[in-house]
Amino acid sequence: MKTIFVLFALASFFALPARSQTDTLASGNSAKAAAESRTFFPKNWIRGYVDYQVAPSHNEPDLGRCPFPPQGGAASTCTAYARYFISGYVELQPFGRTPARHLFLFFEPKFSFGRNIPQFTYTASMLPMAYERSIGIGFQLPRNFELRATQHQVDWLGRYAKSLGSGDLRNNGPYGLYATFGVRWSFGGYGHQGAPAY
């Protein structure tokens, strides 16, 4: 009798999810239509990625702050050559209906860390160096095209916010401060997976 009860309980337990899956498949089109009809904050309205990179010795990116070869050699106080990067990309598309559904905002921060002088000093320091960012607005067009307006800026962090001595070029970072207007074409499945379709 116990065996029959256990088998009945197991059969009931596994039958409920099976029924739920068939109900979900049958009502999948109506659920998809309901999700697409949301005016604000549709499915996947916020998306992006985070990235971490390390530059090996003898490959440190030059942030454009120090001359090369450095004045003073290994004793130079200008050490703005990065070792580590933490970056990301966040895209917000809060509208799910109306022509506004093609509008999106994006933010792309990038932090540089390190303290190196190529050919003289190679360290594993995580000293904050620069905060580089791009922020903008875009509009999706047919055939995977986008119109984009972007503003880019770099801020120096920590000891790099001040003068680094006589060898300091005192510029405002890689590429400096600028704004662009452009067109982007995505192909091969890259882009707005799950974003509101045209």
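Looking at the range 98-146 only, could you name the residues that are touching a Lys or Arg at 6+ places or on another chain (Cβ under 9 Å) and within 22 Å of PHE40 (Cα to Cα)?
Answer for the range 98-146, where residues must be touching a Lys or Arg at 6+ places or on another chain (Cβ under 9 Å) and within 22 Å of PHE40 (Cα to Cα): PHE106, PHE107, GLY136, ILE137, GLY138, PHE139, GLN140, GLU146.
What is the residue count in the range 68-90 for residues that are modelled with pLDDT under 80 and open to solvent by less than 30 Å² (accessible area, probe 1.4 Å)? Write out each step before concluding.
From the range 68-90, those modelled with pLDDT under 80 are 68-80; that's our starting set.
With open to solvent by less than 30 Å² (accessible area, probe 1.4 Å) added as a condition, the list becomes 70, 73, 76, 78-80.
Qualifying residue count for the region: 6.
Kindly establish whether ARG115 is more than 19 Å from VAL50 (Cα to Cα), crowded, with 19+ Cβ neighbours inside 10 Å, at pLDDT below 95 and among the charged types (D, E, K, R). If you could, list the steps in order and put the result at the bottom.
On the way: more than 19 Å from VAL50 (Cα to Cα): yes; crowded, with 19+ Cβ neighbours inside 10 Å: yes; at pLDDT below 95: yes; among the charged types (D, E, K, R): yes.
Taking the combined requirement at face value, the residue satisfies it.
I need a count of the residues in the range 171-197 that are at pLDDT 60 or above and open to solvent by 50 Å² or more (accessible area, probe 1.4 Å).
Narrowing the range 171-197 to residues at pLDDT 60 or above: 171-191.
Subset that is open to solvent by 50 Å² or more (accessible area, probe 1.4 Å): 171-172, 175, 177-181, 183-185, 187-190.
Qualifying residue count, the range 171-197: 15.
Determine whether ALA11 is among the aliphatic types (A, V, I, L, M), out of contact with any Asp or Glu (no Cβ under 9 Å at 6 or more places or on another chain), modelled with pLDDT of 75 or more and over 23 Å from VAL154 (Cα atoms). I'd like the intermediate steps shown before the answer.
Working: among the aliphatic types (A, V, I, L, M): yes; out of contact with any Asp or Glu (no Cβ under 9 Å at 6 or more places or on another chain): yes; modelled with pLDDT of 75 or more: no; over 23 Å from VAL154 (Cα atoms): yes.
Considered against the rule, which asks whether it is among the aliphatic types (A, V, I, L, M), out of contact with any Asp or Glu (no Cβ under 9 Å at 6 or more places or on another chain), modelled with pLDDT of 75 or more and over 23 Å from VAL154 (Cα atoms), ALA11 comes out as no.
Matching residues to (1) open to solvent by less than 40 Å² (accessible area, probe 1.4 Å); (2) farther than 24 Å from THR180 by Cα:
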{"position": "CYS66", "(1), (2)": "yes, yes"}
{"position": "LEU92", "(1), (2)": "no, no"}
{"position": "THR98", "(1), (2)": "no, yes"}
{"position": "ARG101", "(1), (2)": "no, no"}
{"position": "LEU105", "(1), (2)": "no, no"}
{"position": "GLN119", "(1), (2)": "no, yes"}
{"position": "SER134", "(1), (2)": "yes, no"}
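So SER20 passes all but one of these: (1) open to solvent by less than 70 Å² (accessible area, probe 1.4 Å); (2) more than 30 Å from ARG170 (Cβ to Cβ); (3) over 23 Å from the mean Cα position of the chain (by Cα); (4) modelled with pLDDT of 60 or more. Which condition number does it fail?
(4)
Suppose we filter the range 69-91 for residues that are of a type in the set (Ser, Thr, Tyr) and either within 16 Å of HIS58 (Cα to Cα) or without any contact (Cβ under 8 Å) to a residue 24 or more places away in the chain (or both); how many remain? Give the derivation first.
The first filter runs over the range 69-91 and keeps only residues of a type in the set (Ser, Thr, Tyr), leaving 76-77, 79, 81, 84, 87, 89.
So of that shortlist, the ones also either within 16 Å of HIS58 (Cα to Cα) or without any contact (Cβ under 8 Å) to a residue 24 or more places away in the chain (or both) come out as 79, 81, 84.
Of the residues in that region, 3 qualify.
The values are calculated or read from the model by the stated rules, or taken from the named source; none is laboratory data. Values in this document were obtained by computation on a predicted structure and should not be read as measured data. A quick note on method: Cβ atoms are made from the backbone with ideal geometry, for glycine too, and the neighbour counts reach across all protein chains shown. Areas reflect the complete protein model, heavy atoms only, side chains present, ligands, DNA and RNA absent. Shrake-Rupley method; radii C 1.70, N 1.55, O 1.52, S 1.80 Å.
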